[in-house]
Structure formats: structure tokens, C-alpha cells
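Quick notes on the structure that follows.
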Amino acid sequence: PPMSWRSVWTSRVLWGIVLARFISDPVWYFYLFWLPGYFQEALGLTLSEAGWIGWIPFLVADAGGIALTSYSDRLVARGHSAAGARLRILGGVAFLAPLGLLSTYSPQIWMALTIFSLVGTMCLTWFFSTATLLGDLFPKNAVASALGIAGAFGALGGLLFNAVIGPIIDRTGYAPVFIASALLHPAAYLVLRLLVRPKR
């Protein structure tokens, strides 16, 4: 049945996804905004060299995110519930997140590109799959509102995270940020499992 604006805001499912996005979206914004600086400061590339290769992780992330999210449709076609299929994909990719820890030990450019591509794929799979999950769990008159709320809180998390990254990198380097980023998606998945329990 249709949902009122108030019932959208008070939905436990919505707040599960909102909190998960608030926790996990900062990882994407970190890689999006700080990767060029990392290439130059940690790997010793010039700005033009960073430009020549900096697009690779994002192209891989686009393709990988679309492919993994569409795989959940195949799971649905095999008899899984729609929400269950999305949660399975979200859980699977969330545990790719600790690969970001290897960024602190990746002096080789090819290794850094591989790690960033995998983490980027995970981030975009989360974007796409949580949006699809909202479509599965909310009536059509409320999907856009729920998605807008989740996106706004995700962006807010990214804003707050980026506000503290600069001073941390200035004092200690990139390692603490990579470590924190590697833990955020598993934490977000735990939030999802606690708060988003679709009916069978």
C-alpha cells in the first residue's frame, strides 16, 4: 500500500539503509577526492602521470558495480527473494573492503591500481544495490523519497569524513585513513543485517 511521508521517515528499514550508507559512503568519497593526491604524494607520480592512470579504477568500478548488482537479478530468477539477493551481494562485497588495508603496502603502481579498482567496485556495488534494495522494500510512491533520504545521509557521512581526513594525512600519512576505510563497509553490513529484515 502507499506510504505517507511520515511513515517513510519512521521506517526501521529506511533507517537501517540510511545508517549503512552514512557509514559506508565516505569510503567512496575518500577515494574519489584523495586518490590523485595519493598517487602524487605516496607513489611519486607527477600530476600528468596521475591523470594518465587515475581514471582506471573508476572505469573498473563502474563496470564491476553494474555487473555485480545485476547478478542479484540472476539470484532472484533462481528463486531467491529480491531483498535477500541484494543483501547477499552486499554482504559478499562488504568483505572485500579490508583489501584497502593493502594500500599502505603497495609501492607498485599496478598493485595500487588493482586494489583501488576492487575497492571502487565494492563501493559502487553498495550504491547500486542499496538503491535496488529500497525499490524492493518500499512501495513505488515512496521509493524516490527513501532513496533521496539515504543518498543525503550518505553524502553527509562523506562530508564529515572528508572534513577530518586532511589533518590526519598531514600528521600521520594515509595509512590510518586506509585502515579506517577498510572497516566501514563490514560495519555497515552489520547494521543492515540488524535493522533490515525483510519478510519472507
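Place a point 7 Å from the Cα of Leu156 along the Cα-to-Cβ direction; which residues of region 3-23 have their backbone N under 19 Å from it? Those under the cut-off are 5-23.
Accessible-area rank, largest first, for Phe128, Phe58: Phe128, Phe58, with all protein chains present and a 1.4 angstrom probe.
Taking only Cα atoms, what is the 0 to 90° angle, nearest 10, from helix 56-77's long axis to the longest principal axis of the chain? Once rounded, one gets 20 degrees. Maximal additional length on extending the Ile53-Ala67 stretch stands at 2.8 nm, based on 0.36 nm per residue less the C-alpha distance.
For the chain, the solvent-accessible area with a 1.4 angstrom probe is 50 square angstrom per residue. Between Ala163 and Ser4, the simple label model (points 7 Å from Cα in the Cβ direction) yields a spacing of 3.3 nm.
Counting Cα-Cα pairs of the chain in 10 Å increments starting at 0 gives whole-percent bin shares of 9, 34, 33, 17, 6, 1.
With the convex hull of its Cα atoms as the shape, region 14-123 has an orientation-averaged projected area of 7.3 nm². The alpha carbons of region 93-159 stretch over 49, 24, 16 Å along the principal axes, in descending order.
With a 1.4 Å probe rolled over the protein heavy atoms of all chains, the accessible area of Ile115, Ile56 falls in the order Ile56, Ile115, largest first.
Against the chain, whose longest principal axis is taken from its Cα atoms, helix 109-137 shows a tilt of about 10°.
The values are calculated or read from the model by the stated rules, or taken from the named source; none is laboratory data. Given the structure is predicted, the values throughout are model-derived calculations rather than measurements. Every residue, glycine among them, receives a Cβ derived from its backbone with ideal geometry; neighbour counts consider all protein chains shown. The accessibility values were calculated without ligands, DNA or RNA, using every heavy atom of the protein model including side chains. Shrake-Rupley method; radii C 1.70, N 1.55, O 1.52, S 1.80 Å.
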